[in-house]
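Participant: What follows is a structure written as structure tokens; I'll ask about it next.
The values are calculated or read from the model by the stated rules, or taken from the named source; none is laboratory data. The model shown is predicted, which means the values in this text are computed figures rather than measured ones. Cβ sites come from the backbone with ideal geometry, for glycine too, and all protein chains shown count toward neighbours.
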Amino acid sequence: MAEPTLKEKTAKGLIWGGFSNGFQQFMNLVFGIFLARLLTPADYGMVGMLTIFSQIALALQESGFTAALVNQKEIRHRDYNAVFWLSMLISVSLYLLLFFCAPLIADFYDTPQLVPLARYSFLSILLSALGIAQSAFLFKKLMVKQRSIAIIMAHTISGIVGILMAYHGFSYWGIATQNIVYIGIVTSVYWYYSSWRPTFKIDLSPIKGMIAFSGKLLLTKIFNRVNDNILTVILGRFYAANEVGYYTQAYKWSSMGGYMISGMSLSVAQPVFAEVSNDSVRQKRVFRKMITFVAFVSFPVMFGLGFVAKELISLAITDKWLPSVPLMQMLCISGAFVPLTVLCQQLLISRKKADVYMWNIILNGVVILVGCLLVSPYGINTMLQIYVSVYIGWLFLWIHFIKKEIGYSIIDFLKDICPFLVLTSVSIFLTTFVVRGISDMYASICVKILAVACLYVVGVWIFNAALLKECAGFLLKKIRKGKRKA
């Protein structure tokens, strides 16, 4: 059997990545509805206050070694083995540190109940460490299907566990347990599908060859986690737990679409970019196609999600969460640009520009932090406006550095994304007139989704039929191939 081409591998990875992340967000939607009805904003706020600590710990334990391994042309057993044992050592040390620092965390938020919750939640750090090398192995081999199966199983089982615990009155303990179960299952399935196994012949010397590259990625990941959770920290410090809960819920619902698209891109972007990194012309062509495809999906999904936010929140998790709606709508605006930023970052990593990647993330985080602190007395809406503005504006700085690498300019970028941005905006604008007289929420959300989708697809077909035809052609090819096998 002929070896699949890079285009076929990429398309297959995007399909499986899209399916996996689509299913993941669907399950988040289903389980989120049940949990939000059973729990209070304060319950979500309790767990949200700890998120930044666990996220930084997870970044430290991974230390950028996955990307370092993927970028190596040849990987030996000793490389994986060194990453596995170093990750375990870091994780045990981090858990012990956080275990004894739990009272300090509780004092910072003036919430004594966080002490036992923190010590329990941070157990996920130990479980996650067991799967880092296995995850890198599957990622390097572009085994997107196997990674997708792990995520699907984990979401299903952990979601059921979370709902059962919430139903029986365990409140925020159920959310913490759900996360621990999720990581445990993902790690177990990674081990099942990976043919690599660690050995007790521990040699950390291969780390020396990776540390210059991975160290920059580590610092970058830490700042990424801080950037993602900075508003939760500020709210938790200056506002009540229920305010943190409203923001956490808004972030959760807005990120469903963004994570689906970003996850789909991340499942293939770096390995594909790395494979063509020696040919700038080809890499630019691949990058441009991926930008176009992601813009084609991201704008209607994220802007559409913001468009139906009020109906979605009210119908799914009741009116008690309506203060989350304006927060969610603002996060959907920046969320539409997240997958595009992710592609830029992955290309720079494939070009071994970890220093550019690192400093961009650090400066971006500093600007967001200073801006949000300055306007914090004016409330969370103003803080979010600063956050969204800085995030979108920073994307053009990413493109500036991409141009230096492969000659892809801001003009090229605008040409690739603006048709989809305009078509989405026009589709939503026209739909507002269609639903103006509809008072029933069920009818309103259905008409909004159908009208925007139809107008958008028709617009894309008129102005960029080649993209739709290429997507449809690939899917038909896969269907015919499946029928022949059957």
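To keep it simple, each residue is scored yes or no on (1) touching a Phe, Trp or Tyr at 6+ places or on another chain (Cβ under 6 Å); (2) surrounded by fewer than 20 Cβ atoms within 10 Å (Cβ to Cβ); (3) over 16 Å from G236 (Cβ atoms); (4) not basic (K, R).
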| residue | (1), (2), (3), (4) |
| --- | --- |
| L98 | yes, no, yes, yes |
| D110 | no, yes, no, yes |
| Q113 | no, yes, no, yes |
| L117 | no, no, no, yes |
| F122 | yes, no, yes, yes |
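Participant: On the basis of being over 19 Å from the mean Cα position of the chain (by Cα), outside any helix (DSSP H, G or I) and aromatic (F, W, Y), does Y442 make the cut?
Facilitator: Spelling it out, it is not the case that Y442 is over 19 Å from the mean Cα position of the chain (by Cα), outside any helix (DSSP H, G or I) and aromatic (F, W, Y).
Participant: What are the pairs with Cβ atoms under 6 angstrom where one residue, in the range 54-79, is at pLDDT 75 or above and the other, located anywhere, is among the acidic types (D, E)? Sequence gap at least six, or different chains.
Facilitator: Close Cβ pairs (under 6 Å, with a partner that is among the acidic types (D, E)) amount to R78/D203.
Results for (1) part of a helix (DSSP H, G or I); (2) buried (at least 17 other Cβ atoms within 10 Å of the Cβ), shown as yes or no for each residue.
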site: A150; (1), (2): yes, yes
site: T199; (1), (2): no, no
site: I211; (1), (2): yes, no
site: R225; (1), (2): yes, yes
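Participant: Could you check how many residues of the range 322-360 are more than 30 Å from K284 (Cα to Cα), among the hydrophobic types (A, V, I, L, M, F, W, C) and surrounded by 23 or more Cβ atoms within 10 Å (Cβ to Cβ)?
Facilitator: 2
Participant: How many of the residues making up the range 408-417 are over 21 Å from the mean Cα position of the chain (by Cα) and either buried (at least 18 other Cβ atoms within 10 Å of the Cβ) or touching a residue at least 12 places away in the same chain (Cβ under 8 Å) (or both)?
Facilitator: Of the residues in the range 408-417, 5 are over 21 Å from the mean Cα position of the chain (by Cα) and either buried (at least 18 other Cβ atoms within 10 Å of the Cβ) or touching a residue at least 12 places away in the same chain (Cβ under 8 Å) (or both).
Participant: A further question on this structure: Assess whether S324 counts as being part of a helix (DSSP H, G or I), polar (S, T, N, Q) and closer than 17 Å to I380 by Cβ.
Facilitator: yes
Participant: Related question: Would it be correct to say that I362 is in contact with a Leu (Cβ under 8 Å, 6 or more places away or on another chain) and either part of a helix (DSSP H, G or I) or at negative phi (or both)?
Facilitator: Yes.
Participant: Quickly run through the range 422-442 and pick out the residues that are at pLDDT 90 or above, surrounded by fewer than 17 Cβ atoms within 10 Å (Cβ to Cβ) and aliphatic (A, V, I, L, M).
Facilitator: V422, V426, L430
Participant: Any residue at all in the range 266-275 that's modelled with pLDDT of 85 or more and not in a helix (DSSP H, G or I)?
Facilitator: Scanning the range 266-275 turns up no residue that is modelled with pLDDT of 85 or more and not in a helix (DSSP H, G or I).
Yes or no, residue by residue, for (1) farther than 30 Å from I462 by Cα; (2) free of Cβ contacts under 8 Å to residues at least 12 places away in the same chain:
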residue: L373; (1), (2): yes, no
residue: T382; (1), (2): yes, yes
residue: Q385; (1), (2): yes, no
residue: V388; (1), (2): yes, no
residue: Y391; (1), (2): yes, no
residue: L395; (1), (2): no, no
residue: I406; (1), (2): yes, no
residue: P419; (1), (2): no, no
residue: S427; (1), (2): no, no
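Participant: Consider K352 against the criteria (1) modelled with pLDDT of 90 or more; (2) at positive phi: it satisfies all of them except one. Which criterion is unmet?
Facilitator: Tallying (1) modelled with pLDDT of 90 or more; (2) at positive phi, K352 fails exactly one: (1).
Participant: Within the range 156-173, count every residue that is surrounded by 18 or more Cβ atoms within 10 Å (Cβ to Cβ), modelled with pLDDT of 85 or more and not aliphatic (A, V, I, L, M).
Facilitator: So the count comes out to 4.
Participant: Let me ask something additional. Is it the case that some residue within the range 241-253 is at pLDDT below 80 and of a type in the set (A, V, I, L, M, F, W, C)?
Facilitator: Taking every residue of the range 241-253 in turn, at least one turns out to be at pLDDT below 80 and of a type in the set (A, V, I, L, M, F, W, C).
Participant: Modelled with pLDDT under 85 and within 15 Å of the chain's Cα centre (by Cα): is that true of M302 in this structure?
Facilitator: It is false that M302 is modelled with pLDDT under 85 and within 15 Å of the chain's Cα centre (by Cα).
Participant: Continuing with this model, one more query. Could you tell me whether any residue of the range 119-131 is at positive phi, under 20 Å from the mean Cα position of the chain (by Cα) and touching a residue at least 40 places away in the same chain (Cβ under 8 Å)?
Facilitator: Checked the range 119-131: no residue is at positive phi, under 20 Å from the mean Cα position of the chain (by Cα) and touching a residue at least 40 places away in the same chain (Cβ under 8 Å).
Participant: Go through (1) farther than 22 Å from T232 by Cα; (2) buried (at least 21 other Cβ atoms within 10 Å of the Cβ); (3) within 24 Å of the chain's Cα centre (by Cα) for Q146 and report which single condition fails.
Facilitator: (2)
Participant: Exactly one of these conditions fails for R288: (1) farther than 20 Å from S389 by Cα; (2) out of contact with any Asp or Glu (no Cβ under 7 Å at 6 or more places or on another chain); (3) assigned to a helix (DSSP H, G or I). Give me its number.
Facilitator: Going through the list (1) farther than 20 Å from S389 by Cα; (2) out of contact with any Asp or Glu (no Cβ under 7 Å at 6 or more places or on another chain); (3) assigned to a helix (DSSP H, G or I), R288 breaks only (2).
Participant: What pairs can you find where one residue is in the range 448-467 and surrounded by fewer than 14 Cβ atoms within 10 Å (Cβ to Cβ), the other is at pLDDT below 85, and their Cβ atoms are less than 7 Å apart, with a gap of 6+ or different chains?
Facilitator: W461/L468
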